[in-house]
1. What is the one condition in (1) free of Cβ contacts under 8 Å to residues at least 12 places away in the same chain; (2) over 17 Å from F90 (Cβ atoms) that A221 does not satisfy?
2. Taking the conditions exactly as written (basic (K, R) and surrounded by 17 or more Cβ atoms within 10 Å (Cβ to Cβ)), does R128 satisfy them or not?
3. I need the full set of residues from the stretch 156-167 which are touching a residue at least 24 places away in the same chain (Cβ under 8 Å) and open to solvent by less than 50 Å² (accessible area, probe 1.4 Å), in order please.
4. Surrounded by 17 or more Cβ atoms within 10 Å (Cβ to Cβ) and either at pLDDT below 95 or touching an Asp or Glu at 6+ places or on another chain (Cβ under 6 Å) (or both), is that true of N33?
5. Mind listing whichever residues of the stretch 66-100 are of a type in the set (A, V, I, L, M), open to solvent by 30 Å² or more (accessible area, probe 1.4 Å) and closer than 14 Å to H216 by Cβ?
6. Would you point out the residue of the stretch 168-189, among those that are part of a loop (DSSP other than H, G, I, E, B) and open to solvent by less than 70 Å² (accessible area, probe 1.4 Å), that is farthest from T51 (Cα to Cα)?
7. Mind checking which residues of the stretch 1-27 are at pLDDT below 95 and either in contact with a helix residue (DSSP H, G or I) (Cβ under 9 Å, 6 or more places away or on another chain) or open to solvent by 70 Å² or more (accessible area, probe 1.4 Å) (or both)?
8. Considering every residue within the stretch 105-114, establish whether at least one is buried (at least 23 other Cβ atoms within 10 Å of the Cβ), among the polar types (S, T, N, Q) and assigned to a loop (DSSP other than H, G, I, E, B).
Amino acid sequence: MSIASLTYDETVAVITMDNGENRQNLEFANAMNKCFKDALDNEATTAIIITSGGEKIFSAGVDLDWLGGRLQAGDTDSMKAFMYGMNEVFKNCLLAPVPVIAAINGHAFGNGAMLCCACDFRFMKSDRGFFCFPEVDVNIPFMPGMIAFCKKSIPYHKFNEWKLTGKRVAAQELEESHVIQKACADKEELLAEAMAFAKTFKKGRPIFGEHKKRLHKEIIAVMEKEDPEYIEPLNLMAS
């Protein structure tokens, strides 16, 4: 089973995370960045959809077992490489010169929810799955860059509520809060709606990429200037 695979529907690239709960570790980050590279190296690609091959979970967030194992082994290099690697995944979403669309077909928790927020647009099925920031309950603060790009996708009052309560939010509330484009009935409708939306984009890469570069300039600056202050000393937990 691959961690992430790349397929096409006409000119729409589909990145499918397919590793069970799609827990994020260094191998996950590398696989996702390779899919982005391959998709964007194809000049015919006009949009990218990110989804999961599973029925229940889009992404359950950081692989805490892997992270704990690396910490116990003293493998700080791998831990830092993972953090920077995931920031590269997020930056790929933020700066890709084509629209990046999350088709959320299950639970999106923690870094899984953040991956959705880094995308340009989001769709979610409503028959199963929650969107949640559980970090407040597991003693893990957000990186400054995560806060910055989540605020571009979630109204501030809702982000404040969900971040500080750890509330599990269903698709209907996400639609009402304008976090997702549409709450879809099931997986079939989700993929059909996301694909139909993706196929409406035939924008030139230079102008689309420049729009995103200028739109997210401050977010990228935070990720590149402030995140290393926490990554380098591996200051990942609240004390």
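The values are calculated or read from the model by the stated rules, or taken from the named source; none is laboratory data. A quick note: this is a predicted structure, and the numbers were derived from the prediction, not measured. Using ideal geometry, Cβ is built from the backbone for each residue, glycine included, and neighbour counts are taken over all protein chains shown. Accessible surface is based on the protein model in full, side chains and every heavy atom, while ligands, DNA and RNA are left aside. Shrake-Rupley method; radii C 1.70, N 1.55, O 1.52, S 1.80 Å.
1. Just one mismatch for A221, condition (2).
2. It is false that R128 is basic (K, R) and surrounded by 17 or more Cβ atoms within 10 Å (Cβ to Cβ).
3. Hits for the stretch 156-167 are W162, G166.
4. The answer is yes for N33.
5. L95
6. S177
7. M1, S2, N19
8. yes
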